[in-house]
1. Among the residues of the stretch 38-71, which ones are under 24 Å from the mean Cα position of the chain (by Cα) and either assigned to a loop (DSSP other than H, G, I, E, B) or small (G, A, S) (or both)?
2. Under 6 Å by Cβ, and 6 or more places apart or on different chains, what pairs join a residue from the stretch 26-52 that is in contact (Cβ under 8 Å) with a residue 40 or more places away in the chain with one that is of a type in the set (K, R)?
3. Which one of these does I77 not meet: (1) touching a helix residue (DSSP H, G or I) at 6+ places or on another chain (Cβ under 9 Å); (2) within 18 Å of N30 (Cα to Cα)?
4. Collect the residues in the stretch 107-154 that are of a type in the set (S, T, Y), open to solvent by less than 30 Å² (accessible area, probe 1.4 Å) and within 19 Å of H52 (Cα to Cα), keeping them in residue-number order.
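The values are calculated or read from the model by the stated rules, or taken from the named source; none is laboratory data. Since the model is a prediction, treat every value here as computed from it, not as a measurement. Methodologically, a virtual Cβ is constructed for each residue, glycine included, from the backbone with ideal geometry; neighbour enumeration extends over all protein chains shown. For accessibility, only protein heavy atoms count, side chains too; no ligands or nucleic acids. Shrake-Rupley method; radii C 1.70, N 1.55, O 1.52, S 1.80 Å.
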Amino acid sequence: MKKITFFCFFLLIAISMLADTDVTSTYIENPDFEARFAGWDNNGFYFVTNSHFSRKHGMIYMERWVASGGKIPNVEISQDLYLPAGTYKLTAGCQNVQQSGNVSACTGATLYANDKKLTVTESKDYSLTFTVLQGTTRIGFKVSSTNANWASIDNVKLTLLDTDIEAEYTELQKLINESEEVLGEGGGAEVLATAINEAKALIESGSKEGI
């Protein structure tokens, strides 16, 4: 019954049609790390106040560094967000470089939002787009098995984008598939079946309203 209620709720959710909107302060705690690790789950990064990182914003940024030619250990910093359904852009100033070699050739670092990942190398602003219809979204910066000696992140931003209908249809289809798997599990099946049919009809219609 709980599974059916869960899928009914999210299949019937409505997505507002909005212009691109900066929602950083609404959904991300301490996005520029001025409060150090507040709001973030940290595994191995240090807070730094120098000005060596070109994407630094404010007084503090996060880094992991070893001497040039060395390799930093696996590190990650992340935060769980509770977002309304929609399509978002995550942006952050990042780098994963080897100061003794080709800075653009380093591997193992990604900026991510759930299963969406973007490879990070040279120092610049990185952006990725992701869509959510349900649940918790984990954002973060992860470095694993890298050949870099210096990784940094600062100035994390979140933008709510005008509706990306195709991306939202993709997410909706995933929910339809998952809902059909639990359709026969107890009470509430009739309500869930109605929601599934409405969701299928919406995708077939190509409408931008009613998701």
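1. Correct list: A38, G39, W40, G44, F45, F53, S54, R55, K56, H57, G58, I60.
2. These pairs meet every condition: F45/R64.
3. Failing condition for I77: (1).
4. Result: T121, Y126, S152.
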